[in-house]
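For reference, the structure discussed in these notes is given below.
The values are calculated or read from the model by the stated rules, or taken from the named source; none is laboratory data. From a predicted model like this one, the values you see are computed outputs, not experimental measurements. FYI the Cβ positions are ideal-geometry reconstructions off the backbone, even for glycines, and counts take in every protein chain you see.
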Amino acid sequence: MAGIRSRMIDVDGPVHYADMGGPEHGPLLVGLHGLGGSHLNWAAVAPHLRRHARVVALDLVGHGLTPVGARDSGIEGHRRLVSDFLAALGGTPAILVGNSMGGLVAALQAAEEPGSVAGLILVDPALPTARLGLVHPRVIANFLLCAVPGVGESYLTQRRRRTTAEQTVQRVLDVCCVDSSRVPAEVVESHVRLSESIDRAQADAAYLRSARSLSMLIARPTETMQRLENLDQPTLLLHGQRDVLVPLAAARRMGAMHPEWRLEVAPDIGHAPMLEAPRWTADVIEDWLGAEGASAARRSSAGLAASSGAVS
């Protein structure tokens, strides 16, 4: 965990992000975690990426160390937070690196404010498609429980009372990974310490709001698909072959809709390649930054230099 600096910034309320290092004038990569995640979701891959890029990881509304405050922890609330955060960095066009829900937020930001996003790296993104594909029954059951007002609150309250922070972290990793033992031990321990330090009841409330908002977009995909159909930023799409949360078939359909995107599949990996296969993830990203994503890297590097160290 060396080299990670915790920062707070005021954008319509306190927002936490982690400066994970890298060359000052390298391309700026901004990590956006998934549902129930935090900046620590990028801690395993950051040491590899920061050799050539500046890496920053944001905590979205009500996640990690960013409180909800007067903000909304629905999908649009997360997107507005990203928009305000990028503006606070001096208008630097960033390469957004989004996993799961964070991938959707990143894509929406690129569509709504294309000048703020130089490129996209989408890691098992929860992008709506006409046919999602086969999803694990346990995942469907969880979303159905969370979707019902009152039932979702009761379910998470009971689960919170029955489980320790360590058990909670392990449960999530077991769902997101094919083999959770591949996640570096120090990264797992940092997740546990973070879970112990936050108000888990407030975190569950933000999780519910985010989950319900995400479920609505996935259940009614047409409008969101239309918002995303004109994305023209250079885009890298990474996907775990054995993802049980967002099926690989969904990524393949998305890739077919955008043949200009580069699709890379991580063999025998689940929903979070940046945690389970950090070296593979970094190698593919670095290769893309030097090839199809080179224009995004140049644009982000130029913007970061012009903002004269706004990330600090």
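Between ASP199, ASP174, which is loosely packed, with under 14 Cβ neighbours inside 10 Å, under 24 Å from GLY64 (Cβ atoms) and in contact with a helix residue (DSSP H, G or I) (Cβ under 6 Å, 6 or more places away or on another chain)? Break it down stepwise before answering.
On the way: ASP199 fails: in contact with a helix residue (DSSP H, G or I) (Cβ under 6 Å, 6 or more places away or on another chain).
When all the criteria are applied, what remains is ASP174.
Can LEU214 be described as assigned to a strand (DSSP E or B), out of contact with any His (no Cβ under 6 Å at 6 or more places or on another chain) and in contact (Cβ under 8 Å) with a residue 60 or more places away in the chain? Don't jump to the end; show me each part of the working.
Values: assigned to a strand (DSSP E or B): no; out of contact with any His (no Cβ under 6 Å at 6 or more places or on another chain): yes; in contact (Cβ under 8 Å) with a residue 60 or more places away in the chain: yes.
In short, no.
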Residues that are touching a Leu at 6+ places or on another chain (Cβ under 6 Å) and within 26 Å of VAL187 (Cα to Cα): list the strands (runs of 3 or more DSSP E) wholly contained in region 2-113 that include at least 2 such residues. 14-19, 28-32, 54-58, 94-99
Do we have ASP232 as at pLDDT below 95, out of contact with any helix residue (DSSP H, G or I) (no Cβ under 6 Å at 6 or more places or on another chain) and of a type outside the set (Lys, Arg) here? yes
Counting only residues that are closer than 24 Å to GLY74 by Cα, among the acidic types (Asp, Glu) and either touching a residue at least 60 places away in the same chain (Cβ under 8 Å) or part of a loop (DSSP other than H, G, I, E, B) (or both), how many does region 217-265 have? 2
Check off (1) surrounded by 13 or more Cβ atoms within 10 Å (Cβ to Cβ); (2) under 18 Å from MET101 (Cβ atoms); (3) at pLDDT below 85 for ASP204 and give me the number that stays unchecked. (3)
So which pairs qualify, if the first residue must be in region 11-26 and of a type in the set (Ser, Thr, Tyr), the second must be buried (at least 21 other Cβ atoms within 10 Å of the Cβ), the Cβ gap must be under 7 Å, and the two must be at least 6 apart or on different chains? TYR17/HIS39; TYR17/VAL56; TYR17/ALA57; TYR17/LEU58; TYR17/ASP59
Is it fair to say GLY31 is in contact (Cβ under 8 Å) with a residue 60 or more places away in the chain and crowded, with 24+ Cβ neighbours inside 10 Å? yes
Restricted to region 114-138 and to residues being at pLDDT 70 or above and in a helix (DSSP H, G or I), the residue surrounded by the fewest Cβ atoms within 10 Å (Cβ to Cβ) is GLY115
